[in-house]
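> There's a structure below that I have some questions on.
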Amino acid sequence: MPTKTQSAPVRTWKQVIWLAVLGTAVCVGLSLALNYLMLFSDSLTPFGRGAVTAIIVPIIIGLPLFALLGWQQIEIRRYRQELTRSGTFDQLTGCLNGKVFTSMVDRRAARPVGPRSGAFLVVHPEHLASINLRFGLEWGDEALRLIASAIRSSVRKDDLIGRIGTSMFGVFLPGASEEDAKEVGQRIRGTVGDIYFAPKGDKDVLAISVGGVVFEHELDFEDMFRFAEEGMAEVPDEAGLRLSHVTN
């Protein structure tokens, strides 16, 4: 007995065959009808009748057919773009998803050319569990979206942002110095602190913890993440940042 997955292609091919037969029959009928009508026109020579038929039939058949095919190509391209985007970006925050972010960081670190130094920041939203409990998960998701937007507006052009956990973001700063990393981290903290967040009309404050690592030689993602998380245990500086350093 055929399964559902086996019967689906059979139904598809039946629909294709039925459409092909029906479309061909319509085209043949249209051509015969037009030629029959041309027989009653005394003002046209046999060549003229053939020329009219040869021009009108392709226009009537070909124009809607090629318009439909063109529209389908546009739709297929749009679906492919949506699939690519859904496989690349996190749907909630619009940042790179964890898998793609990790792969891009590792590839850039392994390039034979380009900056060998850089920095990696880890951004932890604070009080997210409290927001979820007090206002609901939808407001926790909204807080993540707002924080992600603040991060995107605070980084440099070539920096990479990824959602690397349920409530954690990673920011890769290729070629960044310690001063660059501090500047970006301060901008992120300041932008998040300026967000107006009032779930259910009750104004609340969004806050984040920022830790990171500054390195002189390329590191893979796992090492950068480990050093950045270790940096979170350090005492924050006057700007509220926690940065560790790797010199070898």
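> Subtracting the Cα-Cα distance from 0.36 nm times the residue separation, let me have the gained length for T88 to V28 in nm, one decimal.
The span from T88 to V28 would gain 16.8 nm if fully extended.
> Applying the Karplus parametrisation 6.51 cos²θ - 1.76 cosθ + 1.60 with θ = phi - 60° to the phi angles of region 182-191, what ³J(HN,Hα) value in whole Hz is obtained for each residue in order, glycine and proline being reported as x?
Running phi through 6.51 cos²θ - 1.76 cosθ + 1.60 with θ = phi - 60° gives 5, 5, 5, x, 5, 4, 4, 4, x, 5 Hz.
> Defining a contact as two alpha carbons under 8 Å apart and six or more residues distant in sequence, what relative contact order in percent does region 147-237 show?
Across region 147-237, relative contact order equals 21 percent.
> Which aspartates and glutamates have a Cα less than 17 Å from the Cα of K157, not counting those fewer than 8 places away in the same chain?
E179, D180, E183
> Which of the lysines could a cross-linker bridge to K14, judged by Cα under 23 Å and excluding same-chain residues fewer than eight apart?
Within the straight-line cut-off, K14 pairs with K4.
> What's the ranking of 29-35, 198-204, 165-171, 87-93 by average number of surrounding C-beta atoms within 10 Å, highest first?
Result, highest mean first: 165-171, 87-93, 29-35, 198-204.
> I want to check the label-to-label distance for R77 and S153. Put each point 7 Å from Cα in the C-beta direction and report it in nm to one decimal.
3.3
> Sorted by average packing, counted as other Cβ atoms within 10 angstrom per residue and highest first, what order do 11-19, 188-196 take?
So the order, starting with the most tightly packed, is 188-196, 11-19.
A short reminder: the numbers here are calculations on the coordinates, not readings from a lab. Not measured: the values here are computed from a predicted model. Note that we place each Cβ from the backbone using ideal geometry, even for glycine, and neighbour counts take in every protein chain shown.
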